[in-house]
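Single-structure report; data block below.
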Amino acid sequence: MKVLIVAETDGGRVSEKTLPAIAFAQQKSPETFTILAIGDNLQGVEMLTGYGAQAVLTVNHPALAKPLAERYAPVVAHYAQQLGADAIVATTTTFSRDLLARVAGLLDAPMLSDITALESANGKLVAKRPIYSANLIGTFEVEGSHVVMTVRGPAWGKPEPKGASPVQNAEAPADIPTRSEWLSLQGGGGGRPDLTQARVVVSGGRPLKDPETFEKYIGGLADALGGAVGATRAAVDSGIAPNELQVGQTGKTVAPELYIAVAVSGSVQHLAGMKDSKVIVAINTDPEAPIFQVADYGLVADLYQVVPELTELLKNSGS
Amino acid sequence: MKILVSVKRVPDPYAKISPNATGTDINRDGLQMAVNPFDEIALEEAIRLKEAGKATEVVAVSIGGAESQEQLRTALAMGADRAILVQTDETLDAPSVAKILAAVYRREQPHLMLMGKQAIDMDENQVGQMLAAILDLPQATFASKITIENGSATVERETDNGIETIRMPLPAIITADLRLNEPRYVALTGIVRARSKPLETITPADLGVQTRTRVRLTQVEAPPARKAGKRVSDVHELVRLLREEARVI
Ligand SMILES: Cc1cc2nc3c(=O)[nH]c(=O)nc-3n(C[C@@H](O)[C@H](O)[C@H](O)COP(=O)(O)OP(=O)(O)OC[C@H]3O[C@@H](n4cnc5c(N)ncnc54)[C@H](O)[C@@H]3O)c2cc1C
Ligand SMILES: Cc1cc2nc3c(=O)[nH]c(=O)nc-3n(C[C@H](O)[C@H](O)[C@H](O)COP(=O)(O)OP(=O)(O)OC[C@H]3O[C@@H](n4cnc5c(N)ncnc54)[C@H](O)[C@@H]3O)c2cc1C
């Protein structure tokens, strides 16, 4: 299988969210994978060069300075055809969902979203992926030689360091459509690790009252652990936490080493986004809260009392 | 301005879903069905654009068996002007659904197509983008705010990095995210009254579309269950266990 990995970029910089797709390629097609990174004056390409890819292709063009699917899709389709790729792959994110399904449409290729396993049997690819908001796992068989896939980050992990790959500058195809225009991006950043990449995630629910309280208690605990901050949809909808922190069926999927759920009831929709975490801690005043059914360690207590204690204890013992 | 909205019949989002006895599909006995919640949001947006005087006609389309008429009746009751059922009992994959929708689009020639960002059964999140590619139209996925002005759409999108705003000329394909709006409630009487609105049934063959399903669902299983762990009495015990037992800090 010849794999073309589409690197996640914001048009200016390569994102570490690409790494699980590289781990996928190392496991499924170690000899024959190429990475394609699209943008304008792209930074951070060296992040992609130490994993044994045959080449890292970079396409830089002023029309590609922002990540618009309408503009990027023909570039991906062009290089997939030129390289004769059997599979076009990226880590599941809003960037790749937007872009790769458009590529599949351009190439009339079947697509598998968010896969957690892949085998080949009798010349067919057989993939597993969560369906019905991760309540069930579906097995899918794909006919035909070409396929587009997004891979669920937590299922594939991090790639192994391997031989250096040459970086090749590649031309943008001539006919990039420029009807869609990028205007702005608000939110993001904040200096904490990326939610989908972090080793530790601390999430807060609706009882955190307001953004200041949320930041003080949840942000404070996350910082003591060097972790990222997450939230429930109820917290986001009440304006306590920004939308991009939402974990769950309609938010992000995370699977850190440690997930601390503070005042989170544990709805199925929230669990869909975090139940594959290695260790789950729940802090909740209600001993019957469903979150305790999936927690490795449960503390029945008031967050306003125990979260400051926990934060202090971790700070003082240098964790 | 005419708006086309696709509407998929899916299990009710609050229904309990489990595999059937053979593990080849879900258990559908007595399963409550509904309009895909994201499509309901797309439809609500279309109806609000009509109420605001920006759109003149809202057409709902569904692909599926005869039972999908129920969801189209709900769409009509919400405020769609007419509905089209592309009737087929075949199992279609996302490219096939996109091809049929493209044929309906070409027949209807709308100025805007609104649809859900994903169907909550298969959660693929593919059809809108595939359709935009097939029709060579601009796309805006995961919309949380749509402003239509002077023949163009300005769309706020919910991305992993925050709210992104993009603008594109119409016609375009826009897919709805959860926070775009809160769909109105339709009373049963509304559904009865909507019976007089036109619902046309056609087939993929009438549209001249031939589909070939290449992705097949062969097995459905429950994920491995997580077992409940232990209760701790205070933060000191918690930190000790996280260090010595779980070794994650
Ligand atoms: C019994 C059963 C068996 C199935 N078996 C398979 C299988 O073997 N292989 C397979 O790939 N899929 C199978 N499916 C699901 C398949 O029909 C999906 O609907 C299709 O693959 C598109 O995926 P999605 O609905 O997740 O699309 P998404 O891309 O998540 O949907 C986005 C949007 O597309 C529109 N849309 C999608 N489908 C329709 C529709 N039918 N009518 C109107 N609008 C629509 C909606 O507006 C929706 O919000 C099965 C479904 C059922 C009920
Ligand atoms: C289609 C759909 C999609 C959805 N997608 C998502 C999603 O992606 N992510 C998501 O999270 N939700 C999602 N939801 C919403 C979900 O159903 C729940 O409503 C939501 O997760 C509840 O959030 P919560 O736990 O913050 O709030 P609540 O359910 O209100 O729970 C708060 C918890 O805090 C506890 N508590 C209260 N005070 C304290 C205190 N002082 N100290 C400690 N504990 C305290 C309470 O005992 C309670 O258990 C979705 C819903 C739908 C219908």
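The values are calculated or read from the model by the stated rules, or taken from the named source; none is laboratory data. Just so it is clear, the structure is predicted and the values come from calculations on it, not from any experiment. Cβ sites come from the backbone with ideal geometry, for glycine too, and all protein chains shown count toward neighbours. Ligands, DNA and RNA are excluded from the accessible area calculation, which covers all protein heavy atoms including side chains. Shrake-Rupley method; radii C 1.70, N 1.55, O 1.52, S 1.80 Å.
Observations on the model:
- Acute angle (nearest 10 degrees) that the helix B:37-51 long axis makes with the longest principal axis of chain B, alpha-carbon atoms: 40
- Solvent-accessible area per residue, Å², over segment B:2-244 with all protein chains present [probe radius 1.4 Å]: 43
- GluC sites (Glu not before Pro) lying in DSSP loop within segment A:66-154, provided at most 16 other Cβ fall within 10 Å: A:GLU143
- Reachable aspartates and glutamates from A:LYS209, criterion Cα separation under 19 angstrom, eight or more residues apart if same chain: A:ASP237, A:GLU244, A:ASP286, A:ASP302
- DSSP bridge orientation in segment A:3-170 - percent antiparallel, rounded to nearest 5: 35
- The label-point distance for A:GLN186 and A:HIS61, in a model that sets each label 7 Å from Cα toward Cβ, rounds to 3.2 nm.
- Taking all protein chains into account, the per residue accessible area for segment A:275-319 stands at 45 Å² (1.4 Å probe).
- Listed residues B:ILE174, B:ILE63, B:ILE134, most fluctuating in chain B (Gaussian network, C-alpha, under 10 Å): B:ILE134
- Largest-first ellipsoid semi-axes for the protein assembly as shown, taking √(5λ) over the Cα gyration tensor eigenvalues, angstrom: 37, 30, 23
- Accessible-area order (highest first, 1.4 angstrom probe) of the listed residues A:GLU288, B:GLU44: A:GLU288, B:GLU44
- D_trans [Stokes-Einstein, Kirkwood Rh over alpha-carbon pairs] for segment B:2-244, 20 °C, 1.002 mPa s, µm² s⁻¹: 110
- Filter on A:LYS2/A:LYS128; B:LYS2/B:LYS99; A:LYS128/B:LYS50; A:LYS66/B:LYS2; A:LYS162/B:LYS117; B:LYS16/B:LYS54 - keep pairs with C-alpha separation over 32 Å: A:LYS128/B:LYS50; A:LYS162/B:LYS117; B:LYS16/B:LYS54
- Surface share of carbon and sulfur [accessible, 1.4 angstrom probe, percent] for chain A: 48
- Largest-first principal axis extents, alpha carbons of segment A:3-170, Å: 42, 34, 29
- Largest accessible area first, the residues B:GLU40, A:GLU46 order themselves as A:GLU46, B:GLU40 under a 1.4 Å probe with ligands, DNA and RNA left out.
- Relative contact order (percent, whole number), chain A, Cα cutoff 8 Å, 6+ residue spacing: 14
- Using alpha-carbon coordinates, inclination of helix A:94-107 to the longest axis of chain A, degrees: 30
- The contact between chain B and chain A removes approximately 7000 Å² from the accessible area (both sides summed; 1.4 Å probe; ligands, DNA and RNA excluded).
- Geometric descriptor of segment A:200-317, per residue, is 86 Å³ (volume of the convex hull of the Cα atoms).
- Rounded to the nearest 10 Å², the accessible area of A:SER113 at probe 1.4 Å: 0
- Highest mobility in the GNM of chain A, judged by mean-square fluctuation with C-alpha springs under 10 Å and restricted to A:VAL142, A:VAL75, A:VAL254, is found for A:VAL142.
- Built amide H within the under 5 Å cut-off of B:ILE26, gap 5+: B:ASN20
- Each residue of segment A:19-36 is assigned a 3J(HN,Hα), and the resulting list reads 4, x, 5, 5, 4, 4, 5, 4, 7, 9, 7, x, 8, 10, 9, 10, 10, 10 Hz, derived from the Karplus form 6.51 cos²θ - 1.76 cosθ + 1.60 (θ = phi - 60°), x at Gly and Pro.
- A run of chain B free of exposed loop cleavage sites, with chymotrypsin sites (Phe, Trp or Tyr not before Pro) counted only in DSSP states other than H, G, I, E and B and at most 14 other beta carbons within 10 Å, reaches its longest extent at B:15-184.
- Across chain B, the mean sequence separation of Cα contacts (distance under 8 Å, 6 or more residues apart), normalised by length, yields a relative contact order of 23 percent.
- Fluctuation leader among A:ILE280, A:ILE131, A:ILE260 - chain A, Gaussian network, Cα springs under 10 angstrom: A:ILE131
- For segment A:68-169, applying the loop criterion from DSSP together with a ceiling of 15 other beta carbons within 10 Å to the trypsin sites (Lys or Arg not before Pro) yields A:LYS162.
- Hz values of 3J(HN,Hα) by residue in segment B:93-101 - Karplus curve (6.51, -1.76, 1.60), Gly and Pro given as x: 8, 4, x, 5, 4, 5, 5, 5, 4
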